[in-house]
1. Does the range 32-46 contain at least one residue that is out of contact with any helix residue (DSSP H, G or I) (no Cβ under 8 Å at 6 or more places or on another chain), outside any strand (DSSP E or B) and modelled with pLDDT of 95 or more?
2. Looking at Pro30, Pro103, Pro71, which one is open to solvent by 30 Å² or more (accessible area, probe 1.4 Å) and not small (Gly, Ala, Ser)?
3. Which of the following residues is open to solvent by less than 50 Å² (accessible area, probe 1.4 Å), modelled with pLDDT of 95 or more and part of a loop (DSSP other than H, G, I, E, B): Ala138, Ala147, Ala96?
4. Where residues in the range 40-66 are of a type in the set (Val, Ile, Thr) and surrounded by fewer than 19 Cβ atoms within 10 Å (Cβ to Cβ), which of them is nearest to ligand 2 (Cβ to nearest atom)?
5. Among the residues of the range 342-378 satisfying the criterion of being aliphatic (A, V, I, L, M) and open to solvent by 40 Å² or more (accessible area, probe 1.4 Å), which is nearest to Ala203 (Cα to Cα)?
6. Can we say Arg185 is in contact (Cβ under 8 Å) with a residue 24 or more places away in the chain, surrounded by fewer than 20 Cβ atoms within 10 Å (Cβ to Cβ) and away from ligand 1 (no atom under 15 Å from the Cβ)?
7. Can Arg213 be described as of a type outside the set (Ser, Thr, Tyr), more than 26 Å from Gln307 (Cβ to Cβ) and either at pLDDT 95 or above or outside the structural domain of Asp310 (by TED's automatic domain parsing) (or both)?
8. How many residues does the range 218-250 hold that are over 26 Å from Asp160 (Cβ atoms) and not small (Gly, Ala, Ser)?
Amino acid sequence: MFRNMQPMNGQRDAQLTEQVAGRFDMAGAPVGMFPVGSGNINDTYLSVYRTSYSETRCIIQRVNKRVFKDPEVLLKNFRRVTEHVHHRLEKERDTADRIWQLPRLIPAKNGADFHVDDAGEYWRAITLIDSAVAYNQAQGPDHAREAGTVLGQFHRLMMDLPPGSLAVTLPGFHHTPGYLAAYDRTLATAAARERVSGDSLTADLCRFVEERRDLCSVLDAARARGELKVRIMHGDPKINNILMDNITGLGTSIIDLDTVGSGLVQWDYGDALRSTCNIAGEDARELGTVEFSLELCQAFTAGYIPQAADFLTGADRDYLYDSILVITFELGLRFLQDHLAGNVYFKTRHDRHNLDRAAVQFRLCERVEAREKEIRNLIAACGEEAG
Ligand code: GN1
Ligand code: MG
């Protein structure tokens, strides 16, 4: 499924293969669980099974309980969302221009939707979307357009699922003012103040936040005024959660459904764009290489809007630009807050990882701000083209 999802012999986790892989209802005997993917929250494995005549594979994940406090609710949502989408896809199959896919839960052998191990950790198995690949960065305009098509298609399929029908898996997710309040609380601690005063990059990033505090309420205020409507959205549609079919070259699936729930489609558009159009990637080493690509923005939006034409209102379109800026800023703020709190939320590879990530997102904000007029114009032009 992922480009980096080929199992490597040396990485096989023998203990998990023995203790976890066999708990799920897969044909054959488990022969290996291999760490794959690049998620910042859950741990993901490719699990391989063999019979005497075939091999099957699935994805197994350990749910991060520090982030998702109620894993059973998460799995209930997963089932609800995937059943809804599969039902719609079956109904539309004859008129669709491709085979759309979405992973399905594979039950545990005891019939539950998950397996809980002796340490109380929650494990789930899902089907592998095979012959498809996800990239950490956009490969060009065709890829970006397909990614936009996939997000628009997902939103379209979600529009008849009432917002209240899914439980909240992460309270406050994408509530930007809440992240600002959490940042303020963290900043008030002695440990955080020490991190700021001892380091000029940290101090610069904190200044960046001070200059843009008002940004945090833009989408929330539009929702409160009734301009933007709460619907079901994905929550995490970054480019590496969108799968491209290796055979047809078309977008085929969106994965990572843990944050699907009620919210604004603008959150998704903003999150997808901040990840698709950042040509240097989330982990850019050189801040000078961070740029927001207008070409990729145009391509993504040209893929998204025709799929979303039936439900996007004029006000929805008016806030698409703002959503890019707000969600980019929000992610930078979340990384910075986590750095100041001692790296307790996102997985990190070194002590300054969250700080570096925050610097990249804030630089991207500056590039988006510098190109506001062009971005607004190209979104409007895509809208007109779609009618
Ligand atoms: C986290 O785990 P992953 O990589 O799918 C995060 C997203 C961020 C993303 C940044 C539940 O997603 O909100 O945009 O990192 N997910 C959660 O890479 O916080
Ligand atoms: Mg995710």
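The values are calculated or read from the model by the stated rules, or taken from the named source; none is laboratory data. From a predicted model like this one, the values you see are computed outputs, not experimental measurements. A quick note on method: Cβ atoms are made from the backbone with ideal geometry, for glycine too, and the neighbour counts reach across all protein chains shown. Each accessible area value is taken on the protein alone, full model and side chains, heavy atoms only, with ligands, DNA and RNA left out. Shrake-Rupley method; radii C 1.70, N 1.55, O 1.52, S 1.80 Å.
1. To start, the set of residues in the range 32-46 that are out of contact with any helix residue (DSSP H, G or I) (no Cβ under 8 Å at 6 or more places or on another chain) comprises 39-44.
Checking the rest, the ones that are also outside any strand (DSSP E or B) come to 39-42.
Restricting the remaining residues to those that are modelled with pLDDT of 95 or more gives none.
No: zero hits.
2. Numbers: Pro103 fails: open to solvent by 30 Å² or more (accessible area, probe 1.4 Å); Pro71 fails: open to solvent by 30 Å² or more (accessible area, probe 1.4 Å).
Answer to the check: Pro30.
3. Numbers: Ala147 fails: part of a loop (DSSP other than H, G, I, E, B); Ala96 fails: modelled with pLDDT of 95 or more.
Every option except Ala138 fails the conditions.
4. Taking the range 40-66 and keeping what is of a type in the set (Val, Ile, Thr), we get 41, 44, 48, 51, 56, 59-60, 63.
From the residues that got through so far, the ones that are surrounded by fewer than 19 Cβ atoms within 10 Å (Cβ to Cβ) too are 51, 56.
Details: Thr51: 33, Thr56: 25 Å.
The residue in question is Thr56.
5. From the range 342-378, those aliphatic (A, V, I, L, M) are 344, 355, 358-360, 364, 368, 370, 375, 378; that's our starting set.
The next check asks that each one be open to solvent by 40 Å² or more (accessible area, probe 1.4 Å); those that pass are 344, 370.
On the way: Val344: 20, Ala370: 23 Å.
Looking at residues that are aliphatic (A, V, I, L, M) and open to solvent by 40 Å² or more (accessible area, probe 1.4 Å), I get Val344.
6. Working: in contact (Cβ under 8 Å) with a residue 24 or more places away in the chain: no; surrounded by fewer than 20 Cβ atoms within 10 Å (Cβ to Cβ): yes; away from ligand 1 (no atom under 15 Å from the Cβ): yes.
No, not satisfied.
7. Details: of a type outside the set (Ser, Thr, Tyr): yes; more than 26 Å from Gln307 (Cβ to Cβ): yes; either at pLDDT 95 or above or outside the structural domain of Asp310 (by TED's automatic domain parsing) (or both): yes.
Judged against the criteria, Arg213 is a match.
8. Let us first name the residues in the range 218-250 that are over 26 Å from Asp160 (Cβ atoms), namely 218, 221, 239-240, 244, 246-249.
Retained after the next criterion (residues that are not small (Gly, Ala, Ser)): 218, 239-240, 244, 246-248.
Residues in the range 218-250 being over 26 Å from Asp160 (Cβ atoms) and not small (Gly, Ala, Ser): 7 in total.
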